[in-house]
1. Could we say that residue 166 is assigned to a helix (DSSP H, G or I) and basic (Lys, Arg) here?
2. Please return the ranges of helices (runs of 4 or more DSSP H) entirely within segment 68-157 where 2 or more residues are touching a His at 6+ places or on another chain (Cβ under 9 Å).
3. Which residues, counting only those in segment 102-151, are at pLDDT 85 or above, among the polar types (S, T, N, Q) and surrounded by fewer than 16 Cβ atoms within 10 Å (Cβ to Cβ)?
4. Can residue 260 be described as at pLDDT below 95, among the hydrophobic types (A, V, I, L, M, F, W, C) and within 30 Å of residue 112 (Cα to Cα)?
5. Pairs needed: first member in segment 66-93, modelled with pLDDT of 90 or more; second member anywhere, in a helix (DSSP H, G or I) and of a type in the set (Ser, Thr, Tyr); C-beta distance under 7 Å; at least 6 residues apart or different chains.
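The values are calculated or read from the model by the stated rules, or taken from the named source; none is laboratory data. No experiment lies behind these values; they were computed from the predicted model shown. Here the Cβ is made from the backbone with ideal geometry for all residues, glycine too, and neighbour counts use every protein chain on show.
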Amino acid sequence: MRITLSLLCALVLTSWSPAVFAQSAPAPSAAVADAGANPPASPEPAAEAAVPEHASGGNIWLDRFHQSGTTGIVQLLLSVFGTGFIFERFVRLRRSKIAPRGLAERAKRLWREGKFEELERLADEDPSTLARVISFLAKRRSRSAGDISSIASDMVGRDIDAHLQRSYPVGVVATLEPLLGLMGMVLGMITSFEKVALAGALGNPAQLAAGISEALTTTALGIGLAIPFLACFHYFRNKTRNFEILLEDEVADLIVAWFVDREGDHGAS
């Protein structure tokens, strides 16, 4: 990697050095002697040629995106696709959708009061994972603690896996963006070297520098887009795991209070 970066820097410096030396080189004496008869040509065209296109007053970021070509368009469309999943996760990955506050305490109160029908209808009133588990426990309150615990654990695991799967496309976008940028860089450098090879010894070295600049644009775009997507992916993944731990603790507490303690009381009697 260091060798590649060194070669790229050397190529860029080599491409710019003729223009710098041409601007700083002193005029020859013969040209000074004939300055009265044949005035030198105005250097304005050369100066204008040395000015980058984006320095003419346009939007530098828009110009950079235009340089990325087809690869940049694909990267942008892929980022739009991933942004949709990010918004979906921010809306649906909430505690109210998994383990609402106070729901476990309400379920314990209804159980103590013997209102099992209300517990069974709880999933219809509250479409959260914890509400579905509570309704399942209430409908099968005559079963043993071992059977109930195994099935409730499976229900929790399926819902958590579904939330993780909805976050997975964000991680896919974070992985593909820099790879597309790398591919665009390689294709751009191939095109640049082909142009220089076809031009031969009379070719303009500035063409190589311009081609390398365009090729590196896709790499920068890919890395710049991958960073926020990767951060969001790990944020959603960590948040989902925290909700999983919270949900498992509340479900385990309900099973112990409703089934394990009941079997212990029957055994003692």
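1. On the way: assigned to a helix (DSSP H, G or I): yes; basic (Lys, Arg): yes.
Taking the combined requirement at face value, the residue satisfies it.
2. On the way: elements: 95-98, 103-112, 116-120, 122-125, 129-139.
Because the criterion is at least 2 residues that are touching a His at 6+ places or on another chain (Cβ under 9 Å), the helices (runs of 4 or more DSSP H) in segment 68-157 that meet it are 95-98.
3. 150
4. Details: at pLDDT below 95: yes; among the hydrophobic types (A, V, I, L, M, F, W, C): yes; within 30 Å of residue 112 (Cα to Cα): yes.
Spelling it out, residue 260 is indeed at pLDDT below 95, among the hydrophobic types (A, V, I, L, M, F, W, C) and within 30 Å of residue 112 (Cα to Cα).
5. Filtered contacts from segment 66-93: 89/167; 93/240.
Yes/no per residue for (1) under 22 Å from residue 167 (Cα atoms); (2) surrounded by 20 or more Cβ atoms within 10 Å (Cβ to Cβ); (3) modelled with pLDDT under 95:
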site: 207; (1), (2), (3): no, no, yes
site: 213; (1), (2), (3): no, no, yes
site: 217; (1), (2), (3): no, yes, yes
site: 225; (1), (2), (3): yes, yes, yes
site: 234; (1), (2), (3): yes, no, no
site: 249; (1), (2), (3): no, no, yes
site: 256; (1), (2), (3): no, no, yes
